[in-house]
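Below is one structure; the comments refer to it alone.
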Amino acid sequence: MSKRIVLAYSGGLDTSVAVRWLIEELDAEVVAVAVDVGQGPGESWDAVRDRALAAGAVDAVVIDARVEMAEQYCVPAIRANGLYEGKYPLVSALSRPVIVRHLVDQARHFGAGSVAHGCTGKGNDQVRFEVGVRCLAPDLEVLAPARVWGLSREECVELAGKWEIPISVTKERLYSIDENLWGKAIECGAIEDPWADAPEDAYTLTRVSTNDAITTTIGFEAGVPVTLDGRKLAIAELIAEVGRLAGSTGFGRLDIVENRRVGIKSREIYECPGALAILKAHSDLEDLTLERDLHHEKARLEPRWAELVYDGMWFSPLKAAIDAFIDESQANVTGEVRLRFEPPGVCRVEGRRSDVSLYDYGLATYDAADTFRHEDSEGFVAIWGLGVATWAARQGNVE
Ligand code: ARG
């Protein structure tokens, strides 16, 4: 009996060639699984499914995981203020564990002993796929055809032609793009020279289409965005709507050099208007509602959380433990943040409020409403500085 393989399928060139390659090289039965994480494939999902079948897949499944992506992956990222190296909101890193979950489910469903992905050996996504599968299903074999075949992009196009796989290589030819609800990653082509400015045509989600500033208020409950200008919205819609709005003012572009897990520095362009606006608002609300020590400790853990997620450790015990800390920290992150978007590309927090705010007007004010007991500070400051004052006094005696 031939081997059955469940392949993570995007509909693009590499994974389409991978379908046929696995059949030819391993005499396998290939089931293609496409997961909708909000990428907007630029064509119908039916067309994606048909292409997998045309390439020779015995079955092709499309799974709508948009709500799951929003609720179970974007929400934890918001609560963790998830930014890798302090900048990148983990767009691709968040979607890979979603895909892995479904890949493993489908492998079980179809009784397959192997799963496969189309990543090359140079990126992070192979790490996320493989480490993810090993966490959820250590018994499954993981295959990475694109790491084995050693084909250039041109050779892939040629093979697709020879195998009569209908490929529409349009924009893809210029850039390698990965998109989901949380934003878009753009690599390759003209961007590979880190000194060269990114061409304007690389951007699609952050083109300025208004000259007017836009003000909008995001309401949070326990660290989760739930309302937009007072309207209750499901999280997937809220993310999309903030993204559209922020993107129309040109906000949300990143142009960075980042450290991949495999040791390569890479120049990356991202468009994450919704993600960056929501993260800005969430983190600002924490400034208002988190007790100082909790806030500082959380800030120390956040880079570690982002690193784990970036490095493919979504299902690791350390990540789970940090998540538990973060969950506990979010109970009072409830309130509203007003953002102002000023074209082109500026977003700032205009105001914030919360019923559980720790900002106490009486304590903060310098006017007549002051409730702070100034006399208490004298003893506090004397004892706070006692150690260093003692040290300083001794310095004079030591020559
Ligand atoms: N550098 C980003 C990351 O590692 C983006 C990866 C984009 N993936 C892709 N297959 N184009 O998360």
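The values are calculated or read from the model by the stated rules, or taken from the named source; none is laboratory data. Being a predicted model, the structure only gives us computed values, none of them experimental. Reconstructed Cβ throughout: ideal geometry from the backbone, glycine too, with neighbour counts over all protein chains shown.
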Handout entry: Out of LYS184, LYS232, sole residue that is basic (Lys, Arg) and closer than 21 Å to PHE251 by Cβ
Key = LYS184
Problem - Considering residues of the range 128-183 that are of a type in the set (Lys, Arg) and under 30 Å from HIS109 (Cα atoms) only, the residue nearest to the chain's Cα centre (by Cα) - result: ARG128
Problem - Any pair with Cβ under 6 angstrom, 6 or more apart, that starts in the range 115-133 at a residue that is free of Cβ contacts under 8 Å to residues at least 40 places away in the same chain and closer than 10 Å to ARG147 by Cβ and ends at one that is among the charged types (D, E, K, R) and within 10 Å of the ligand (Cβ to nearest atom) - result: CYS119/ASP125
Completion exercise
Cβ pairs under 8 Å, 6+ apart or interchain, first in the range 357-368 and closer than 15 Å to THR289 by Cβ, second part of a loop (DSSP other than H, G, I, E, B) and of a type outside the set (S, T, N, Q), ordered by first then second residue, are LEU358/LEU290; LEU358/GLU291
Exercise for the section: Would you confirm whether any residue within the range 375-384 is touching a helix residue (DSSP H, G or I) at 6+ places or on another chain (Cβ under 9 Å), surrounded by 12 or more Cβ atoms within 10 Å (Cβ to Cβ), of a type outside the set (Asp, Glu) and farther than 30 Å from LEU205 by Cβ? Expected result: no
Completion exercise
Subset of the range 51-79, residues hydrophobic (A, V, I, L, M, F, W, C) and within 16 Å of the ligand (Cβ to nearest atom), comes to MET69, CYS74, ALA77
Problem - the range 217-227: number of residues that are surrounded by 15 or more Cβ atoms within 10 Å (Cβ to Cβ) and either at positive phi or touching a His at 6+ places or on another chain (Cβ under 6 Å) (or both) - result: 1
Exercise for the section: Search the range 180-197 for residues that are touching a residue at least 24 places away in the same chain (Cβ under 8 Å) and pair each with any residue that is of a type in the set (Asp, Glu) and within 13 Å of the ligand (Cβ to nearest atom) when their beta-carbon atoms are under 6 Å apart and the residues are at least 6 apart or on different chains. Expected result: GLY183/GLU271; LYS184/GLU271; ALA185/ASP178
Problem - Check on PHE341, touching a Cys at 6+ places or on another chain (Cβ under 6 Å), farther than 25 Å from TYR73 by Cα and surrounded by 10 or more Cβ atoms within 10 Å (Cβ to Cβ) - result: yes
Handout entry: Test result for GLU307, part of a helix (DSSP H, G or I) and among the acidic types (Asp, Glu)
Key = yes
Handout entry: Members of the range 196-216 found to be closer than 16 Å to VAL337 by Cα and either crowded, with 18+ Cβ neighbours inside 10 Å or out of contact with any helix residue (DSSP H, G or I) (no Cβ under 9 Å at 6 or more places or on another chain) (or both), listed by number
Key = THR215, THR216
Handout entry: ILE264 being more than 14 Å from LEU83 (Cα to Cα) and modelled with pLDDT of 95 or more
Key = yes
Fill in the blank from the handout: Subset of the range 260-274, residues more than 30 Å from THR249 (Cβ to Cβ) and either of a type in the set (D, E, K, R) or part of a strand (DSSP E or B) (or both), comes to ARG260, ARG261, LYS265
Exercise for the section: Go through the residues of the range 59-70 one by one and say whether even a single one is acidic (Asp, Glu), under 30 Å from LYS298 (Cβ atoms), out of contact with any strand residue (DSSP E or B) (no Cβ under 9 Å at 6 or more places or on another chain) and not in a loop (DSSP other than H, G, I, E, B). Expected result: yes
